[in-house]
Amino acid sequence: MSALILAVLLLVAAVAARLFLTGLAFDAVLKHAGASEIRFEVTQASLWQVVMKDVGFLLDLQPFTAERVSLERAHWWTPSLGSLRVESARVPIRLHDPARSPAPERKPAGAVILPFEEISIDGQVVIQADGQADQALTVTIEARPGPGKIWAGSARVSAPGLAGRGEGTYDLASEALVFRVPELALDLKPWAAFAQQVLPLPENDWTVEGQVSGSLEGRWADGALTGTGRVSWRDGRATSTKQAITATGIEADLELSDLAQLVGKAGTVRIREVQTGKLTLSALAADFTMAGMDHLTVNHATLETLGGRVTAEPFRLVPSQAELDAVFRVEGIQVEQVMALTESLPAKATGRVNGRVPVRLTKEGLRLGTGWLGLMPGVQAEIEFNAKGLLTGGASAGTPTFAVLQKIESGLLRLRISELRLDIRPTDAPEGRSAQLHLKGEPVDREVKAPVILDLNVNGPLEKLINLGMDSRLSVGTKP
């Protein structure tokens with residue numbers, strides 16, 4: 001009887017010792033990798049299998065947890081620990097957390113040792129952001145050792161609106177990772193709010209939708225990332241309620257030459273329609289390059305609006321500042337459509353114009369630079385005024401042309417225009433004058449023989465006329 005009791009005690013002691021030694025070994029491996037605040041419970045330990053539950057630790061202040069970690073050894077006499085399986089892992093990642101302190105710098109632990117025949121991990125990466133519900137990514141990883149100290153593995157990620165798979169190799173000696181992500185698909189609608197936490201987007205109420213796909217490949221070594229990628233956006237839509245802008249039918253393609261710095265050597269964007277206030281832009285097409293996510297150079301851009309075509313000269317764009325500073329060349333713009341954007345303008349006109357107009361758009365609004373618009377050669381144009389005193393103000397009633405000018409300004413006579421030029425913020429204009437308009441024509445009524453030359457001034461901000469109609473700071477009058 002005493003021998004039986006002794007055998008039971010030795011068995012219990014052996015199991016307890018194995019559990020204790022297994023715990024020490026697992027703890028040592030994690031500490032060698034730089035982990036802290038390690039916790040786990042060894043629930044099973046034998047020559048063939050070790051099972052731990054409620055595993056948790058910090059690695060560079062990043063928490064990791066797993067419900068179950070197991071080791072299975074088909075050949076207990078070999079130096080390998082067998083197959084490592086991590087189940088129900090959880091890694092929370094908080095985006096843009098200014099309260100979080102940077103991870104303390106730790107000394108290299110030396111070459112990593114993975115004495116396993118294979119590694120299998122399944123769990124979740126939980127993305128967290130202020131004001132947003134957590135988004136959980138389901139992740140599975142499979143890895144096996146190859147020649148030398150190189151491991152090869154594959155991974156899959158899935159979530160509502162997100163799917164991707166990747167593969168790569170990891171060199172334990174040099175700690176270099178070579179990776180390839182051949183498939184990546186993202187629905188922007190459920191993920192746009194998270195993207196705004198990490199991308200240099202302007203502070204506004206922009207919402208974006210559409211399907212993004214792409215592929216990446218590169219290398220991580222010595223703390224540096226190198227790589228390339230391709231990204232496409234289809235069925236896109238972007239809306240800002242505050243700025244009253246809606247863009248639909250967005251298609252974009254970008255080729256990244258530097259994945260770390262987000263440098264794009266070739267990019268294109270096409271937008272079917274942009275609606276901003278009363279103005280509609282269509283068939284927008286542009287090609288650009290990137291010196292970083294927040295530094296774009298638009299090399300060429302065209303669009304159709306107001307019955308004509310607009311081409312932009314090369315310009316730079318900083319998305320986070322929500323500003324535009326560019327020069328636009330216009331061709332064949334219909335005057336009547338331009339005038340329809342204004343309010344209370346005392347004139348109606350037909351015809352088409354060409355021109356060159358610098359435009360600066362900021363949070364404060366629209367600002368036009370020194371430019372011009374002129375009548376297209378060979379195009380018939382007409383204008384009809386409706387502003388008494390506009391042309392006869394200050395003129396003597398006894399002059400031969402007074403009666404004709406009075407009919408023109410009252411809308412009784414239309415003018416057929418042979419010359420039209422609008423100079424915007426001319427360099428030689430006096431202070432307060434934003435534009436000068438020169439017209440030359442004759443009445444459409446053939447019975448009235450009175451050639452007319454008009455020089456009109458726009459005093460006050462021309463942009464107010466374009467945006468909101470005339471106000472107390474803007475007046476139109478004949479040239480003194």
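The values are calculated or read from the model by the stated rules, or taken from the named source; none is laboratory data. Keep in mind that this is a model prediction, so the values were computed, not measured. Note that each Cβ is placed from the backbone with ideal geometry, even for glycine, and that neighbours are counted across all protein chains shown. All accessible areas refer to the heavy atoms of the entire protein, side chains included, with ligands and DNA or RNA removed. Shrake-Rupley method; radii C 1.70, N 1.55, O 1.52, S 1.80 Å.
Is region 215-227 home to any residue that is assigned to a strand (DSSP E or B) and among the basic types (Lys, Arg)? Quick ask: steps written out before the conclusion?
First, pick out the residues of region 215-227 that are assigned to a strand (DSSP E or B): 215-221, 224-227.
Next, from what is left, pick out any that are among the basic types (Lys, Arg): 219.
Yes, region 215-227 contains at least one residue that is assigned to a strand (DSSP E or B) and among the basic types (Lys, Arg).
Taking interchain pairs and intrachain pairs at least six residues apart, which have beta carbon atoms under 7 angstrom, with the first residue in region 31-54 and hydroxyl-bearing (Ser, Thr, Tyr) and the second assigned to a strand (DSSP E or B) and modelled with pLDDT of 80 or more? Qualifying pairs under 7 Å: Ser36/Phe57; Ser36/Leu58; Thr43/Val51; Thr43/Met52; Thr43/Lys53.
State the number of residues belonging to region 283-311 that are part of a strand (DSSP E or B) and within 15 Å of Gly332 (Cα to Cα).
Here is the first cut: in region 283-311, the ones part of a strand (DSSP E or B) are 283-291, 296-305, 308-311.
Add one more test, that the residue is within 15 Å of Gly332 (Cα to Cα), and what stays is 302-305, 308-311.
Within region 283-311, residues that are part of a strand (DSSP E or B) and within 15 Å of Gly332 (Cα to Cα) number 8.
Given the criteria of a type in the set (Ser, Thr, Tyr), open to solvent by less than 30 Å² (accessible area, probe 1.4 Å) and in contact with an Asp or Glu (Cβ under 7 Å, 6 or more places away or on another chain), does Thr268 qualify? So Thr268 does not fit the description; no.
Mind checking which residues of region 233-267 are among the polar types (S, T, N, Q), at pLDDT below 95 and assigned to a strand (DSSP E or B)? Passing the criteria: Thr239, Ser240, Thr246, Ser257. Test Ala74 against the criterion of being at pLDDT below 75, in the same structural domain as Asp122 (by the TED database) and under 46 Å from the mean Cα position of the chain (by Cα), and give yes or no. Considered against the rule, which asks whether it is at pLDDT below 75, in the same structural domain as Asp122 (by the TED database) and under 46 Å from the mean Cα position of the chain (by Cα), Ala74 comes out as no.
Based on this model, can you work out whether Leu279 counts as assigned by the TED database to the domain that holds Ser215, closer than 25 Å to Asn354 by Cβ and modelled with pLDDT under 95? Yes: the conditions hold for Leu279. On the basis of being open to solvent by 70 Å² or more (accessible area, probe 1.4 Å), aliphatic (A, V, I, L, M) and either at pLDDT below 90 or under 27 Å from the mean Cα position of the chain (by Cα) (or both), does Ala163 make the cut? It is false that Ala163 is open to solvent by 70 Å² or more (accessible area, probe 1.4 Å), aliphatic (A, V, I, L, M) and either at pLDDT below 90 or under 27 Å from the mean Cα position of the chain (by Cα) (or both). The residues of region 409-434 that are in contact with a Lys or Arg (Cβ under 7 Å, 6 or more places away or on another chain) and either without any contact (Cβ under 8 Å) to a residue 60 or more places away in the chain or open to solvent by 20 Å² or more (accessible area, probe 1.4 Å) (or both), listed by number, are Glu409, Ser410, Leu413, Ser418, Glu419.
Once region 232-261 is narrowed to residues that are open to solvent by less than 50 Å² (accessible area, probe 1.4 Å) and within 13 Å of the chain's Cα centre (by Cα), the residue that is nearest to Leu186 (Cα to Cα) is Ser232. Applying a threshold of 6 Å to beta carbon distances and a minimum spacing of six or more residues, or different chains, the list of pairs starting in region 306-323 at a residue that is basic (Lys, Arg) and ending at one that is open to solvent by 60 Å² or more (accessible area, probe 1.4 Å) and not in a helix (DSSP H, G or I) reads Arg309/Glu331. For region 36-49, taking the residues that are modelled with pLDDT under 85 and of a type in the set (A, V, I, L, M), the one that is nearest to Phe26 (Cα to Cα) is identified as Ala45.
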